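See below for the structure under consideration.
Computed from the coordinates by the stated procedures, all read-outs in this text should not be read as laboratory data. Computed from a prediction, not measured in an experiment: that's the story for all the values here. Every residue, glycine among them, receives a Cβ derived from its backbone with ideal geometry; neighbour counts consider all protein chains shown.
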Amino acid sequence: MNAHSAYRNKNYRILKAISQDSKKSIPLQIIDTFMGIVVFLLEKSYMEDTDIAAIKSDVIYRFLIEQDNLLKFQKQIRLFEWTGSEELAPINIGEHLSPFMVHKTHYDINELSKVQKILLENPLITTKELRENMGYTNAKLRLLQGYRDQLTGYGRNTFISN
């Protein structure tokens, strides 16, 4: 905040800050979640070949495809880069959302094809057996449930609301 004051040529100084536990503050949790999504997109963490990246990508994707969240996210998240001069350069979040959506769509098409092939060969397969056939860990169970619901004609987020 003091750097912001100096940058804006304001005459205030922060002398004390009080830490708050986000576990006890829903507004802080919401802000932290959105900041996490933005950082994940900006750093292109979805490109990592890990279960964690796949799971985070799926959670973010599910959020964005729900109703008009993608449009709201693009319109309401405003980012700026401080280039060191007196001007702040706006960052278009859409330029980071588009590659994410393309990557996630490509990833999902590949995974959905694999799931569909297994389901066609064995329509009575249990979710556990399907998970094992896909080589998924327990951590990717919700991802798999979303794929299965999507392939059977339900929405991608159906299993969450049941």
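Note on the chain: dipole from Cβ charges, positive end direction compared against 35, 136, 106; the farthest Cα belongs to 35. Only Cα pairs under 8 Å and 6+ residues apart enter the sum, and on that basis the relative contact order of the chain stands at 15 percent.
For segment 44-162, lysine pairs with C-alpha atoms less than 14 angstrom apart, excluding pairs fewer than eight positions apart on the same chain, total 5. The structure-derived value of Rg and Dmax of the Cα atoms in Å appears in the list (1) 22.2, 89; (2) 17.0, 58; (3) 20.6, 71 under the label (3). In a DSSP loop and with at most 15 other Cβ atoms within 10 Å, the trypsin sites (Lys or Arg not before Pro) in segment 53-162 are 78.
Which one of 15, 123, 65 is farthest out on the positive end of the charge dipole of the chain, using unit charges on Cβ (Lys, Arg +1; Asp, Glu -1) and the Cα centre as origin? Of the options given, the answer is 15.
Test of the criteria: in segment 67-146, which GluC sites (Glu not before Pro) are in a DSSP loop and have at most 16 other Cβ atoms within 10 angstrom of their Cβ?
86, 87
Label separation (residue 137 vs residue 82): 3.7 nm, computed from points 7 Å beyond Cα along the C-beta direction.
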